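The values are calculated or read from the model by the stated rules, or taken from the named source; none is laboratory data. Keep in mind that this is a model prediction, so the values were computed, not measured. Cβ: placed from backbone, ideal geometry, glycine included. Neighbour counts: every protein chain shown. Heavy atoms of the whole protein, side chains included, go into the accessibility calculation; ligands, DNA and RNA do not. Shrake-Rupley method; radii C 1.70, N 1.55, O 1.52, S 1.80 Å.
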Amino acid sequence: MTEIFGITITEWIGYLASFFVLLSFLMRNIVTLRYVNSIGCLFFVAYGILLDSWPVIITNVAIVCVNFYYLFINKKQVQEA
């Protein structure tokens, strides 16, 4: 498997996922938090696929769906109220 600085591509994806999820918790704006968190979760989905880890895949797909709901579906309901 290809390595960069002795770290596999799979591990780099895992590190990127962790970085974006951690970064999302530093956001003050909830919308920005949800976007950055979704990026991290999508990296975790890719990481889970590469590891063939269904718990990682399912959990992060669910989190992306929740973020999508609050960013795009629930947003319309809040604006109407």
Order of exposure, largest accessible area first, which applies to Arg34, Arg28 with probe 1.4 Å: Arg28, Arg34
Assigned charges on the beta-carbon of Lys, Arg, Asp, Glu; the chain dipole about Cα centre (debye): 440 debye
Exposure of Phe44 as accessible area (Å², to 10), given a probe of 1.4 Å and all protein chains: 50 Å²
Solvent exposure of the chain as accessible area per residue, Å², 1.4 Å probe: 72 Å²
Where Cys41, Cys65 fall by accessible area, highest first, once all protein chains stay in place (1.4 Å): Cys65, Cys41
Calculated FRET efficiency for the pair Phe68/Phe25, C-beta based, R₀ 22 Å, to 0.05: 0.70
Rounded to 10°, Cα long-axis angle of helix 9-24 versus longest principal axis of the chain: 30 degrees
Rounded percent of accessible protein surface that carbon and sulfur make up, the chain, 1.4 Å probe: 70 percent
Rounded to 10°, Cα long-axis angle of helix 54-68 versus longest principal axis of the chain: 30 degrees
Ranking by accessible area, most exposed first, for Glu3, Glu11 with a 1.4 Å probe: Glu3, Glu11
Reported label for calculated percent of Cα pairs over 20 Å apart given (i) 40; (ii) 20; (iii) 48: (i)
